[in-house]
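Values quoted throughout were computed directly from the atomic coordinates according to the rules given, and no laboratory measurement underlies them. All values derive from a computational prediction rather than experimental measurement. So basically every Cβ, Gly included, is an ideal-geometry build from the backbone, and we count neighbours across all protein chains shown.
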Ligand code: MSP
């Protein structure tokens, strides 16, 4: 894969119920990284989709009186519609019931058999259908006579059945070496440490087939066994690139994946099982697993089973998608959990969107409309305060690539807020309105520099706020080709006079 290509994925969602804010968060986060790389002239492939096999889906379909595939067709479409509603810029939407995926899973299975990593035995232990995960006895807690996973809190059942196993135990040392060589394979560092400690405490072989239900991909040459849904699901990242056709342009251009964005609950699968399967199958593991925290409601994970869901569609219909995207990205701290509420969403809309970004634009646009007939000529002489603002902005922007290469979106947002703050302060200090009669050239310079700053701010933030930033960049008559990050390398956005167009109020304050 070339250095200028970037393959990024969201987790593929279980179509077992309606999508909620946690799902929207995970997807929007990945979307922001995808858009950042596109703005930075990378060739990006961004994947999302649905994870449709396994007992969890079979049970959900039965409960709703559907055949599994009919149920998946129905719910997968709801996730696809959500992707549109939240402005995901995904290039593909994969469903694990598609034949392209089936081929890919069979190939991986055969490779693992060929490498001697799979053997037949019997599984005896705990299983959580909700997590589709096996748990050791020391990971189980008992409450009111019922057993739960101490890790996720989901209920578990005792399973005893014939099963194929993957020799995960034999990959323990190689995984630790892999983490050691690839220091940033798992971010944030706290999650990396968690994974390394877990692997160091000893890995057991992993059951990779089930025989007590039918909804899934059959083990090749064995009708009784269904391939474990996580081995099936993780392979989606390869199937979307037309693996096993390794000569396919997509595979050649985009594997290994640059970034899998996932929630902390599915870290083990991505950071332990996935690289172990791939190393065993002699395929390069992905470059980075970034694990985000949970969206909480109060102090609990937002989830269907807890009944504390904020419906993303309702929030978008009331407040707007730009508003929700910005709020979620700002409010949830880097790699940690974040509690959300409508009250704090409203505060964020008023303080950041209306007062900060929105006000900066509106005051400059209306001044130029009323005093300069919508045209600002090119800056001629740079004053000390102009220079100061330009240098302060450069100092902030020069770190942005590194910040985003570590998925630190909170610092990115802080940087943009800071540029907006500095620009507002510059305008207040320079008082262009006082220069109309005395120094029209200086007034023009100030306005030209302010518009250049506004363009930078809105290009940076259009990774998050996708609609209203376009309105501003259109009103600046900035051509589409120039809406990229070349200014991060010190290039100017406007080399000439700037003609502006009408700009409506961007963000309405909520009272
Ligand atoms: N199907 C698996 C993923 C397979 S990837 C090969 C799965 N699906 S899921 O629908 O349960 O969750 C998808 C993603 O949503 C996960 O990354 C999970 O962490 C995230 N979220 C689900 N609830 C969440 C919150 N309340 N908050 C933030 N993200 C959470 O796991």
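Brief remarks follow.
- Spin-label pair residue 418-residue 151: with each label point 7 Å from Cα along the Cα-Cβ axis, the two points sit 3.8 nm from one another.
- Between residue 214 and residue 343, the FRET efficiency estimated from the beta carbon spacing at R0 = 60 angstrom works out to 0.80.
- Extension gain (nm, one decimal) between residue 411 and residue 287, 0.36 nm per residue minus Cα-Cα: 42.4 nm
- Cut-off 14 Å, label 7 Å out along Cα→Cβ of residue 4, residues of region 32-53 by amide N: 38-44
- Whole-number percent relative contact order across the chain, with pairs defined as alpha carbons under 8 Å at least 6 apart: 16 percent
- Relative contact order for region 338-466, counting Cα pairs under 8 Å that sit 6 or more residues apart, in percent: 35 percent
- Segment residue 508-residue 102, extension gain: residue separation times 0.36 nm, minus the distance between their alpha carbons: 141.3 nm
- Sorted peptide list for 347-357, 261-271, criterion being average Cβ within 10 angstrom, highest first: 261-271, 347-357
- Region 57-134: relative contact order as a whole-number percent, Cα under 8 Å and 6+ apart: 13 percent
- Highest-first arrangement of 102-108, 463-469, where packing means the average Cβ count within 10 Å: 463-469, 102-108
- Each of residue 496 and residue 43 was given a label point 7 Å from its Cα along the Cα-to-Cβ line. The distance between the two points is 3.2 nm.
- Tensor-based shape of region 167-318 (alpha-carbon gyration tensor, a/c under 1.5 rounded, otherwise prolate or oblate): rounded
- Two-site FRET efficiency, residue 467 against residue 91, from Cβ-Cβ distance with R₀ of 25 Å, rounded to 0.05: 0.80
- Once the convex hull of all Cα atoms in the chain is built, its volume per residue stands at 152 Å³.
- Spatial offset of region 34-60 relative to region 312-372 amounts to 26 Å, using the alpha carbon center of each.
- Three-way shape call for region 1-113 based on the alpha-carbon gyration tensor, with the a/c threshold at 1.5: oblate
- Only helical runs count toward this figure. For the chain, summing -39,500 (n - 2.57) over DSSP H runs of n ≥ 4 and dividing by all residues gives -13000 deg cm²/dmol at 222 nm.
- Pairwise FRET efficiency - residue 115 versus residue 197, Cβ, R0 = 35 Å, nearest 0.05: 0.80
- Shape of region 346-416, Cα gyration tensor, a/c cut at 1.5: oblate
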